[in-house]
Amino acid sequence: TGSAASSFGQAVVAAATAELGVPYSWGGGDGSGPTYGIGSGAGTIGFDCSGLVLFAVAQASGDQIALPHSSEIQATMGSPVAPADIQRGDVIAFALGANPGDFDHIGIYIGNGEMIDAPDTGAFVRIDVLNTYWQGVPSVIRSFG
């Protein structure tokens with residue numbers, strides 16, 4: 001499961017893949033690409049996790065879908081997807097902290113149990129494996145296509 005994708009999902013993955021290696025910048029990223037972030041990201045042009053997602057979805061939709069720069073809000077938007085039905089380009093939001101429903105990280109599923117994300121300060125946009133750590137974390141899957 002999780003290998004098929006709509007043309008929209010493929011376009012989301014293509015947009016995110018083109019940004020591999022871009023620095024993490026807290027608050028960084030908009031519908032046009034990497035930007036200076038805020039706070040700890042103020043001196044770095046790049047993406048945070050929700051900035052990368054909003055960029056990829058904006059690019060795939062021809063700027064018709066403008067997501068907010070918030071993983072918590074992105075996790076409530078689009079259409080819900082059951083884990084067994086995940087496809088390339090779907091977005092996965094994770095509740096890493098103790099507060100249920102506080103989705104503080106988000107990434108883009110690319111197939112084969114992997115996602116593209118902007119993980120944290122000092123890192124770069126990269127491919128992460130959805131291993132036991134991620135699968136043990138409360139998550140929701142959303143589709144915007």
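The values are calculated or read from the model by the stated rules, or taken from the named source; none is laboratory data. Note that this is a predicted model, so its numbers are computed, not measured. Don't worry about glycine lacking a Cβ; one is built from the backbone with ideal geometry, like all the others, and counts go over all protein chains shown. In case anyone asks, the SASA skips ligands and DNA or RNA and just uses the protein heavy atoms, side chains included. Shrake-Rupley method; radii C 1.70, N 1.55, O 1.52, S 1.80 Å.
Share of carbon and sulfur in the accessible area of the chain stands at 54%, probe radius 1.4 Å.
Taking other residues whose beta carbon is less than 10 angstrom from the beta carbon of residue 116, and scoring Lys, Arg as +1 and Asp, Glu as -1, yields -3.
Measuring nothing but how far apart in sequence close Cα pairs (under 8 Å, 6+ apart) lie, relative to its length, segment 60-138 scores a relative contact order of 22 percent. Charges were assigned to the Cβ only: +1 to each Lys and Arg, -1 to each Asp and Glu. The resulting dipole of segment 46-109 about its Cα centre is roughly 140 debye. Fully extending the segment from residue 40 to residue 14 would add 6.6 nm, taking 0.36 nm per residue of separation and subtracting the current Cα-Cα distance. Using only side-chain charges placed at the Cβ, +1 for Lys and Arg and -1 for Asp and Glu, the dipole size of segment 61-145 relative to its Cα centre rounds to 140 debye.
Going by accessible surface with a 1.4 Å probe and the largest first, 104, 85 read 85, 104.
Summing charges over all other residues whose Cβ lies under 14 Å from the Cβ of residue 137, with Lys and Arg as +1 and Asp and Glu as -1, gives -4.
Only DSSP H runs of four or more residues enter the estimate; each adds -39500 (n - 2.57), and after division by the residues of the chain the mean residue ellipticity at 222 nm equals -5500 deg cm²/dmol. Per residue, the chain exposes an accessible area of 46 Å² to a 1.4 Å probe, with every protein chain left in place. Each of 61, 6, 134 was placed along the dipole of the chain (beta-carbon charges, centred on the mean Cα), and the one lying farthest toward the positive end is 6.
Here the chain is assigned +1 on the Cβ of each Lys and Arg and -1 on the Cβ of each Asp and Glu. Its dipole about the Cα centre then comes out at about 180 debye. For residue 19, the accessible surface of its heavy atoms amounts to roughly 30 Å² (probe 1.4 Å, protein chains only, rounded to the nearest 10).
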